[in-house]
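Here is the structure we will look at, set down as structure tokens.
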Amino acid sequence: MDVSVVIAAHNQRDRLRLVLSGLAVQAFSGQFEVVVVDDGSTDGTGDLLRAYKRIPIKVIPLNTNVGRCRARNIGIAEARGDLIAFLDGDALPDPGWLAHHWHLFQHYNGVTSGFQYCLPYLEYVQDPCDGLPWEDVPAAVAQIMRTYPEKFRVPKAMIQSDFDAIAPLAREGGYPFPELKLMQDQVQVLFDQVPDSPIGWLSFYPHNASAPRVALEEVGGFDEELLHSEGWDLAYRLMRHGYKMRFAAKAQSYHLYHHHDFFSPQNAFAESQKRRRAIAHIAEKNEDPRLYLIEFWLASIWPDRLIPEEMRLNNLMAFHETYQTISSGEMTERTLMLDFHPLRGAQDRETAMESTVSQK
């Protein structure tokens, strides 16, 4: 078997149906299998997978939701391909997606991350096939959907015979925010200028990426303790084991977007805390304090007034240079500055409270 496509899905039935349609029209001359781990879904995902006939699917049903890292590792263990390519249950692959991942695998036998787009008009759509809105869609949004219904639908016929019509509906980046486009643009510049950069792992997102199966087995797959940034951790460990990282601009996927309440202050804070915990875990586990530089790069994308401007890394090229040249003393200074960051303090207090509760 050449390639195994591993998808961990939880309650994504209507979008997963389109992802499978995208896999059914891959322009790939080799052999590939599709492994879907149904991670405790309760929305009929299992019924969809059992009834799907266009391509063979190896379905692994889980009775409970174990989380995306554990689910992906289960998929890796069941996969038989020399290359394992990852998609999410809402990541629609371009017809050439698999062929481009396979091409780089043949030439580099390494790790590849693909180029991400997002379909933001699908935010308030339950099923992209019919474009019907959720019941609680704001009136202004409902009016736009009635006026431009073609923007809110991705029918299977479009995927099968008119995929080029999808691109005009998309925005660059995994989510419809300029910060995600900026991050991906910086990744492209990094690989254009320094193809073998030691921070190439920052390009790796498991909803469009691939790695040799033997490599994933060597490093033990995804870290199941991580709730955020697990792709960065995995790719970092793969690169430390000698596997090269490549960025495939032609291996494109489209996030079949759905509503996220990112603008709620509580949710935004919780998301930032998950990220901070993840970065600390990755740095400490891998005994590489330079990984804390991620915070100083992200502070330039989502400005953090508590991190001095002169300490921010304004792009990935600045990250690349600093990662290679920073002294242990300078890194200690930066780490101490993070220790006194108010949000880091809130994170530590929250972690201590969780530990106290768990011991009772």
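We did not get these values from a lab; they are worked out from the coordinates using the rules stated. These numbers come from a predicted model, not from an experiment. As a convention, Cβ positions derive from the backbone with ideal geometry for all residues, glycine included, and neighbour counts pool all protein chains shown.
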Item checked: Residue-by-residue Karplus 3J(HN,Hα) for region 242-255, coefficients 6.51, -1.76, 1.60, Hz, glycine and proline x -> x, 8, 6, 10, 10, 10, 10, 5, 8, 8, 9, 9, 10, 6
Next item on the list: Give the long-range amide H neighbours of Ala209: residues separated by 5 or more places, or on another chain, with amide H under 5 Å away, using H modelled in the peptide plane at 1.01 Å from N.
Entry: Phe86, Gly114
Notebook entry, point to check: For a paramagnetic label modelled at 7 Å from the Cα of Asn286 toward its Cβ, which residues of region 97-111 fall within the zone defined by backbone nitrogen distances under 16 Å?
Noted result: 111
Next item on the list: Determine ³J(HN,Hα), in whole Hz, for all residues of region 16-21 in sequence, where each value follows from phi through the Karplus function 6.51 cos²θ - 1.76 cosθ + 1.60 and θ = phi - 60°; x replaces Gly and Pro.
Entry: 4, 4, 6, 4, 5, 4
Notebook entry, point to check: Taking the Cβ-Cβ separation of Val141 and His260 as r and a Förster radius of 22 Å, what is the calculated FRET efficiency to the nearest 0.05?
Noted result: 0.90
Next item on the list: Pop the C-beta distance of Ala51 and Ser328 into the FRET formula with R0 = 45 Å and round what comes out to the nearest 0.05.
Entry: 0.20
Margin query: Restricting to DSSP H runs of at least four residues, report the calculated mean residue ellipticity at 222 nm for the chain, -39500 (n - 2.57) per run over all residues, nearest 500 deg cm²/dmol.
Written below: -13500 deg cm²/dmol
Item checked: Full-stretch length increase - Ala165, Ala77 - with 0.36 nm per residue and alpha-carbon distance subtracted -> 28.0 nm
Checklist line | Rounded Å value of the spacing that divides the Cα centres of region 58-72 and region 199-257 | finding: 19
Next item on the list: Using θ = phi - 60° and the Karplus relation 6.51 cos²θ - 1.76 cosθ + 1.60, list the HN-Hα couplings for region 120-135 in order, rounded to whole Hz, with x at every Gly or Pro.
Entry: x, 5, 7, 4, 9, 9, 6, 10, x, 5, 9, x, 7, x, 5, 5
Notebook entry, point to check: Where does each of Arg305, Arg146, Arg68, Arg153 land when they are ranked from fewest to most other beta-carbon atoms within 10 angstrom?
Noted result: Arg305, Arg146, Arg153, Arg68
Checklist line | Size of electric dipole in region 265-354: Cβ of Lys, Arg +1 and of Asp, Glu -1, about Cα centre, debye, nearest 20 | finding: 260
Notebook entry, point to check: What does the chain give for Rg and for Dmax, in Å, if only its C-alpha atoms count?
Noted result: 20.7, 60
Notebook entry, point to check: Is region 175-334 rounded, prolate or oblate when judged by the Cα gyration tensor, a ≥ b ≥ c being the square roots of its eigenvalues, rounded requiring a/c under 1.5 and prolate requiring a/b larger than b/c?
Noted result: rounded
Notebook entry, point to check: If you take every DSSP beta bridge whose two residues both sit in the chain, what share of them, in percent to the nearest 5, is antiparallel?
Noted result: 35
Next item on the list: Give the long-range amide H neighbours of Tyr254: residues separated by 5 or more places, or on another chain, with amide H under 5 Å away, using H modelled in the peptide plane at 1.01 Å from N.
Entry: Leu92, Asp94, Tyr117
Notebook entry, point to check: Going by average Cβ neighbours within 10 Å, how do the peptides 230-238, 166-174, 128-136 rank, with the highest at the top?
Noted result: 230-238, 166-174, 128-136
Checklist line | Dipole magnitude of the chain about its Cα centre (Cβ charges: Lys, Arg +1; Asp, Glu -1), debye to nearest 20 | finding: 560
Margin query: Between Glu321 and Arg240, what is 0.36 nm times their sequence separation minus the Cα-Cα distance? Round to one decimal in nm.
Written below: 27.3 nm
Notebook entry, point to check: What dipole magnitude, in Debye to the nearest 20, does region 231-271 give about its Cα centre under +1 on Lys/Arg Cβ and -1 on Asp/Glu Cβ?
Noted result: 480
